[in-house]
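Working notes, structure below.
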Amino acid sequence: MKEIITKVFSKQGLTVLVIVVVLVGFLLANSYLKEKNHLARERLEQEKVENDRKFDADQKESCLAIYKQESSKWNNVNGWRYNEADNACFIQYKKRPAKTKAQCDAEYIGKDEKVVPVFLMD
């Protein structure tokens, strides 16, 4: 026992003891910093998820406001939806039945009861 105590308190023993204490302290500090960084990363990730949810909620609300505005102006608004993946607002309108040739021609009848040709220019 006396030999062990003598070896521990010798210069070499004290040097080894100091090195061991420094290494243990370094490992504990490193472990603490890793845990602290991990918690900080988790907090940032949670904040990002919450910010994304808030952004999507704001965009949905804006899309709903557009829908309400269009509904107040037009009677053919059918619905709306917000696509989060594309960050796009879609307003749906009722489809009008296609006009027949006779109905189209009726809109362009001239004074002489003939269909007036329509020229489209670029």
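Scanning segment 69-105 for residues that are basic (Lys, Arg) and assigned to a strand (DSSP E or B) yields a single hit, Arg81. Within segment 6-18, is there a residue that is surrounded by 11 or more Cβ atoms within 10 Å (Cβ to Cβ) and β-branched (Val, Ile, Thr)? Yes: segment 6-18 contains one or more residues that are surrounded by 11 or more Cβ atoms within 10 Å (Cβ to Cβ) and β-branched (Val, Ile, Thr).
Can we say Leu14 is over 30 Å from Tyr93 (Cα atoms), modelled with pLDDT of 90 or more and aliphatic (A, V, I, L, M)?
Numbers: over 30 Å from Tyr93 (Cα atoms): yes; modelled with pLDDT of 90 or more: no; aliphatic (A, V, I, L, M): yes.
Considered against the rule, which asks whether it is over 30 Å from Tyr93 (Cα atoms), modelled with pLDDT of 90 or more and aliphatic (A, V, I, L, M), Leu14 comes out as no.
Could you list, in sequence order, the residues of segment 65-116 that are surrounded by 10 or more Cβ atoms within 10 Å (Cβ to Cβ) and among the hydroxyl-bearing types (Ser, Thr, Tyr)? If you could, list the steps in order and put the result at the bottom.
Residues of segment 65-116 surrounded by 10 or more Cβ atoms within 10 Å (Cβ to Cβ): 65-71, 74, 76-84, 87-94, 99, 103-109, 114-116.
Result: Tyr67, Ser71, Tyr82, Tyr93, Tyr108.
The values are calculated or read from the model by the stated rules, or taken from the named source; none is laboratory data. Keep in mind that this is a model prediction, so the values were computed, not measured. Don't worry about glycine lacking a Cβ; one is built from the backbone with ideal geometry, like all the others, and counts go over all protein chains shown.
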